[in-house]
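Notes for the one structure printed next.
Every read-out reported here was derived from the displayed coordinates using simple, explicitly stated rules and does not represent laboratory data. Note that this is a predicted model, so its numbers are computed, not measured. No Cβ is skipped: glycine too gets one built from the backbone with ideal geometry, and neighbour counts run over all protein chains shown.
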Amino acid sequence: MTVSEKKSIVSFIAKTGIREYSEGYKLYEMRRGFGAGREIKASLFFFLAMGMLFILMTEGFDITRLPVCAVILLICMHMCIYYIFMMPGKAKHIGEHIYKSSEMIGKTYSYDFCREYFVMKNKYHYLKRYYTELNDSIETDEFFVLTGGVENNPVVISKDSMNENDAEKLSGLLRKETIKQYRRLKSPKRNH
Amino acid sequence: MEQLNVSYLPTLEDHINMTLEKLNMSVPKENKIIFRIIGAIAVMCATAGFIYLNENIIQTICWIILTAAGLFIISYYDITRPYLERSRASRFYNYHKKDLCSKTVMIKDGKLIVSDEASKVKIPFDFIYRVRQTKNTVFIFYDEVHFCYIPVRVLSEAQIKELSELKNKGN
């Protein structure tokens, strides 16, 4: 399974660090994983909380008369806060755990991006994916995230080890070949 | 160690079994016990409230909601979640049916080799994070989340034993 140099449009060698992987994994989970639709879920809990608040208001906010409403109100508010503020942090934390537990993710890979597919490989792992299989093709200032295939595992490519020319060529290629799936997002702020 | 060489094409039943057994593995037993206790408390409180603290229609509705919530919480990990996961797994399999290809799992020369049409993993035993066997599936984890699975139906007794030894070599 080899890719001839003539077919390859962009080729480079890259290694992904724990920070890029955890941020990329967070993006993947928020779009395709357990975080997908979190805004809708948070909204539902918010409206339920407002309903409970309204019911309590009719009883003059006497929670001893309606303890159930008060408990449901607290739970709904907690769920809103969880979905909006805590869930992204949890996804990033999971990404860090995955990186630390894996012997393969932190290794150096060679990438070859061709017209219809890309190949990533090293001594331990070989993966070929067609652009038509991709669900997401996300670019930030620091990395690319490509998700798709049957397993839908994210591939996070750090721009740190790429030169500027290769990064621009790859960005142009992904914009062209993955029109519907491509997104350009701002990088998250670094917490030092 | 005997060389393992197994090829299989995952069926719908394999995929559903894998999904349900992975769900079972990922949820701690304590969570299930806590959910059942909380659900039981909710139902008991709702029953007591309905009998002793029932002055108007709004309170009645609240107690009914609490009873329903309690029953839902009790049955969540036993009925609701498995049902949802089974439906999701079935939809996923039917959607990806044409993309699925046969997988080959080999143990050769001290390395685990998992390959299909699109990918190949060839790693020493040290790289394996965990091996778990359940009723219908053997899971080989590369890290906390990513894994490959082999349905027990395609394995012989000797091969299952070999994979158990792999678990000891990997840890």
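Work out from phi, with θ = phi - 60° and the Karplus expression 6.51 cos²θ - 1.76 cosθ + 1.60, the ³J(HN,Hα) of each residue of region B:156-162, listed in order in whole Hz, and give x for Gly and Pro.
Those phi angles translate into 8, 4, 5, 5, 5, 5, 5 Hz.
What is the helix-to-structure angle for A:164-177, meaning the angle in degrees between its Cα long axis and the longest Cα principal axis of chain A, kept from 0 to 90 and rounded to the nearest 10?
With rounding to tens, the tilt is 70 degrees.
Taking Cα centroids, how far is region B:3-72 from region B:97-163 in Å?
For region B:3-72 versus region B:97-163, the Cα centre distance is 32 Å.
Quick one, what does Rg over Rh come out to for region A:42-159 if you take C-alpha atoms and the Kirkwood Rh?
With Rg and the Kirkwood Rh in hand, the quotient comes to 1.26.
Per residue, what volume in Å³ does the convex hull of the Cα atoms of the protein assembly as shown enclose?
So the per-residue Cα hull volume is 169 Å³.
Taking the Cα centroid of region A:57-109 and of region A:141-192, what is the distance between the two, rounded to the nearest whole Å?
Each part reduced to its Cα centre gives a spacing of 28 Å.
Treating the beta-carbon of each Lys and Arg as +1 and of each Asp and Glu as -1, no other charges, what is the dipole magnitude of chain A about its Cα centre, to the nearest 20 debye?
Once rounded to the nearest 20, the dipole reads 300 debye.
Scaled to the compact-protein estimate 2.2 N^0.38 Å, what is the alpha-carbon radius of gyration of chain B, rounded to two decimal places?
Numbers: Rg = 22.4 Å, N = 171, 2.2 N^0.38 = 15.5 Å.
Here the Cα radius of gyration is 1.44 times the empirical estimate.
Just from the alpha-carbon atoms, what are the Rg and Dmax of region B:105-171 in angstroms?
Both quantities, over Cα of region B:105-171: 11.2, 29 Å.
Only Lys, Arg, Asp and Glu count, each charged at its Cβ (+1, +1, -1, -1), so figure out the dipole size of region B:16-98 about its Cα centre, rounded to 20 debye.
640
Ranking B:21, A:164, B:165 by Cβ neighbours within 10 Å, fewest first, what do you get?
A:164, B:165, B:21
Tell me, what HN-Hα J-couplings in whole Hz come from the Karplus equation 6.51 cos²θ - 1.76 cosθ + 1.60 at θ = phi - 60° for each residue of region A:137-149, using x for Gly and Pro?
9, 10, 10, 10, 5, 10, 7, 10, 10, 10, 10, x, x
How do A:8, B:26, A:22 line up, fewest other C-beta atoms within 10 Å first?
B:26, A:8, A:22
Is there a pair in A:92/A:159; A:7/A:128; A:15/A:186; A:15/B:120; A:107/B:135 whose C-alpha atoms are over 25 Å apart, and which pairs would that be?
In this structure, A:107/B:135 lie more than 25 Å apart at Cα.
In peptide B:142-148, how many Cβ atoms from other protein chains are near each Cβ within 10 Å, on average?
Whole-number average of other-chain Cβ neighbours for B:142-148 is 6.
What does the convex hull of the Cα atoms of region A:1-88 come to per residue, in Å³, rounded to a whole number?
Measuring per residue, one finds 128 Å³ for the Cα hull of region A:1-88.
Give me the angle, in degrees from 0 to 90, between the Cα long axis of helix B:81-96 and the longest principal axis of the Cα atoms of chain B, rounded to the nearest 10.
Helix B:81-96 sits at roughly 40 degrees to that axis.
Based solely on its DSSP helices, what 222 nm [θ] is calculated for chain A when runs of n ≥ 4 H residues each add -39,500 (n - 2.57) and the sum is averaged over all residues, nearest 500 deg cm²/dmol?
-14000 deg cm²/dmol
Where the convex hull is taken over the Cα atoms of region B:16-98, what is its projected area averaged over directions, in nm²?
The number I arrive at for region B:16-98 is 6.7 nm².
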